[in-house]
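Contents: one structure, followed by commentary.
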């Protein structure tokens, strides 16, 4: 069995080239199970090393925006080769090796500055659900990994209107020896 990663893009009216997004593409990077689950108790509800390799390739060299719980779930912090930006309402929260901001607006402003410094035109939002929801309206791209399974979970990807999006590419991900699904 394979897992699929699809690249979805909005209509051209929402692309940076058409004047949206301030010249930087906001991309959501997410793995979603068939039942909509993306998390369980603040962690991923599966082990998919093949998808983690894809995640690394998609986010390397870019600013990445995540919530506090996503940061805390990372086995290694910060994620190397990327500017890690953590969004939290907790003013006393510290994240060694990462930038900490109070809201998605601050995160995006910082991510755009860091993207310009790095010479990249994409910012990757990597979770959790509240940040996906906050950025979904302004996102121009979604890297969507379809996980072929229905694990238990307490966190789901926000519902959204697919009619605003089109699939521009698909990449099968072969089941690796340590992949659960």
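What to note about this one:
- Neighbour-count ranking [beta-carbon atoms within 10 angstrom, fewest first] of 169, 92: 92, 169
- Taking all Cα pairs closer than 8 Å and separated by 6 or more residues, the relative contact order of the chain comes to 46 percent.
- Modelled spin labels at residue 160 and residue 133, positioned 7 Å past Cα toward Cβ, are 1.4 nm from each other.
- Most fluctuating residue given options 73, 49, 163, as computed from a GNM of the chain linking Cα atoms under 10 Å: 163
- In the chain, the calculated helix contribution to ellipticity at 222 nm averages -6500 deg cm²/dmol per residue, counting -39,500 (n - 2.57) for every DSSP H run with n ≥ 4.
- Net length available on complete extension from residue 80 to residue 53 is 8.4 nm, with 0.36 nm assigned per residue and the Cα-Cα distance removed.
- The modelled label-to-label distance for the pair residue 150/residue 103, using points 7 Å beyond Cα in the direction of Cβ, is 3.9 nm.
- Taking 7 Å steps out from each Cα toward its Cβ at residue 121 and residue 167 produces label points 2.5 nm apart.
All of the numbers you see were taken from the coordinates with simple rules; none came from a lab. What you see is a predicted model, and the numbers here were worked out from it, not measured in a lab. Quick reminder, even Gly has a Cβ in these numbers, built from the backbone with ideal geometry, and neighbours come from all protein chains shown.
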